[in-house]
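No value in this document is a laboratory result; all are computed from the given coordinates. These numbers come from a predicted model, not from an experiment. Note that each Cβ is placed from the backbone with ideal geometry, even for glycine, and that neighbours are counted across all protein chains shown.
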Number of protein chains: 2
Amino acid sequence: MQPESINAASAGYIAGLRKNAPSAKALAQGVLNGDITALSRAITLIESANPNHFEKAAEVIAQCLPHANKSVRIGITGVPGVGKSTFIEAFGKYLTGIGKKVAVLAVDPSSTVSHGSILGDKTRMEELVKDKNAYIRPSASGETLGGVAQKTRESVILCEACGFDTILIETVGVGQSETAVHSMVDFFLLLQIAGAGDELQGIKRGIMEMADLVVINKADGDNTHKANFTKTELNRALHYFPPKASGWQPKAMTCSAVNRIGISETWQQIERYINHAKNNGYFEMCRHKQNTYWFTETIHQLLLNRFYSNSETASHLETVKKAVQNGEISPFAAASIVLKKYFSS
Amino acid sequence: MQPESINAASAGYIAGLRKNAPSAKALAQGVLNGDITALSRAITLIESANPNHFEKAAEVIAQCLPHANKSVRIGITGVPGVGKSTFIEAFGKYLTGIGKKVAVLAVDPSSTVSHGSILGDKTRMEELVKDKNAYIRPSASGETLGGVAQKTRESVILCEACGFDTILIETVGVGQSETAVHSMVDFFLLLQIAGAGDELQGIKRGIMEMADLVVINKADGDNTHKANFTKTELNRALHYFPPKASGWQPKAMTCSAVNRIGISETWQQIERYINHAKNNGYFEMCRHKQNTYWFTETIHQLLLNRFYSNSETASHLETVKKAVQNGEISPFAAASIVLKKYFSS
């Protein structure tokens, strides 16, 4: 039997929401008043793929922007299995415990396929989810990393305007998304665990180079000794790296998220960095540079989108690409042929 | 006193060259016949920034392309001071000694400013320069790495069509140029020297990850012990890296280019790799992938060039960029404004 009455009620409720869709101004005002419902709605609006929503979304952001930027933005990465959710749960609870308002966002371009592999399962952050001073939002979905990253960066602006002063941006440490997250945060934390041959996993992918702090999680029970050994190894490796532009010397430390050990020490390191970077002007300079970076990135992205979304170009491109792969035409000659056709259409 | 007669003679000679400028077909034929003068002229043609030369250059390349691809392409990188020129001199002489025809090219985007910091001073390769089975060509100059890399990649095609079977592409290990070179070669060699704290210099910039072989140069005299120690350290580090897509395990070895020790061993390693990669199909697959990569890269480059060379856009861009840096407008809103104006013009 079809539960018709419930469906009708749901439909009515949704229609009601639509009818009552607040104006950009009202939505922005709600965000600025610290209203979580308004914040969620505003983020849904900027995440919308419906072109009719773009202008309204831009308006909300424009109104929130003057009230943003007053936060510490922390990127957290680590390959699956290092215990990111447990760490964020423990770290987030610690932060709200010392009076912070914490927003947790994610950049996970794979979430379209995996239906939100990070933060998707909020049950892994049971306590934080119920904390009224925490706001958890899973990754925007989207086909390209650029698109997902852009939406997360806009969400940061909205969260800050809503009064969140500590923004955690989680990403899964397996692809290019760390670079995207690195370019939108003030501090970049690499989470690792002790494990044979894994000590250099971050070095391998150039992630260690971006880290301001390496935290070796699961330093508990039988694992404690191994974690301490890894800490020593990593501190040695980090020492070899030339100094960072920020003048900060990254270090490795251990923690046990599940036992809530090493959590306050992690925050102390971050506070120390923020003071350091604010004092020497790097903090401000870095945010300016990040703005310019995303401006340029977005321009490039939009130029390429327009090119690739041209259906005539797409089919022509495939034909020419085959000839290129087979070495029948040089890649450079082929590119000019494709573009000549694109610009003449 | 102005040496008028000499100037007049020079001018006449240059004019003569221009008048006698061979057709694309004649130039390509010269290259295919193994004529070095034709090869040099053809490379000068493809390096020309004069748009009138583009079509002719494309024609020469198109005619050479079916005769290219029959070579081993080796990228050689290392920071200044590791002895790249000395190594290439020794390595090149060894190769011609065993019957190879060696072309040495370079990718050095800084050469416009430094007037050819790599390979510019041919006196550093005294013997190789005089070797009739070697051809040395300094880096193309250009403002962008993309432009310089493209010209080098086209030069590779011409050198191969001219009968050179071993192509060495040198780059200076301080920027992004290694990535460009890595994506145009079959084998990537990282040159290092022993030195306090320098062991991980390649890891730091993600270059070690690209290397198929690390050669520690200057393993001579007092330095021998230190070089051997570095070799052990590096072999240990390389072991931590996950296996490469090629299934090849990179290793570190020592050499003394100045004493011609370790040179034949270097070549043996490269030969071993080539056999390995040809047997498992990686060699062919990699070249196909590189073709596609350069095709896509060139399309993107041309799209961006067209955008940035639009003078109206350029001035608008500067104004908007300032607002973005100061946080007056979000990078994303700013990008759409700039592009709306660009596409409407």
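Between copies, the label points of residue A:69, set 7 Å from Cα on the Cα→Cβ line, lie 5.4 nm apart, reported in increasing order to one decimal in nanometres.
Between this copy and the others, label points of residue B:265 are 4.4 nm apart in ascending order, each placed 7 angstrom from Cα in the Cβ direction. Across identical copies of the chain, residue B:53 has label-point separations of 5.3 nm, listed in ascending order, with the point defined 7 angstrom from Cα along Cα→Cβ.
Under 5 Å from the amide H of residue B:261 lie the amide H atoms of B:256, each residue being 5 or more positions distant or on a separate chain, with H modelled from the backbone and absent for Pro and chain starts. Mean-square fluctuations from a GNM of chain A, with a 10 angstrom spring cutoff on Cα atoms, peak among A:48, A:155, A:309 at A:309.
Where chain B is carried onto chain A by rotation, the Cβ closest to that axis, with its residue and distance in Å, is B:206, 2. Largest GNM mean-square fluctuation among A:77, A:319, A:266, using chain A with Cα springs under 10 Å: A:319. Applying both filters, DSSP loop and at most 13 other Cβ atoms within 10 Å, to the GluC sites (Glu not before Pro) of the range B:124-177 gives B:143. Comparing A:83, A:147, A:221 in a Gaussian network model of chain A (Cα springs below 10 Å), the most mobile by mean-square fluctuation is A:221. For chain B, the membrane-span-like helix rule (DSSP H, alpha carbon extent of at least 15 Å along the helix axis, mean Kyte-Doolittle at least 1.0) picks out B:36-47; this says nothing about an actual membrane. Taken over chain A, the convex hull of the Cα atoms encloses 213 Å³ per residue. If one computes the Cα centroid of the range A:148-164 and of the range A:255-285, what distance in Å separates the two points? Going from one Cα centre to the other spans 21 Å. Less than 5 angstrom separates the built amide H of residue A:216 from those of A:192, A:253, A:254, A:255, all sequence-distant by 5 or more or on a different chain.
Summing +1 for each Lys or Arg and -1 for each Asp or Glu among the other residues whose beta-carbon sits under 14 angstrom from that of residue A:326 gives +1.
At a threshold of 8 angstrom on Cα-Cα distance, excluding pairs fewer than six apart, so keeping six or more, what relative contact order does chain A reach in percent?
16
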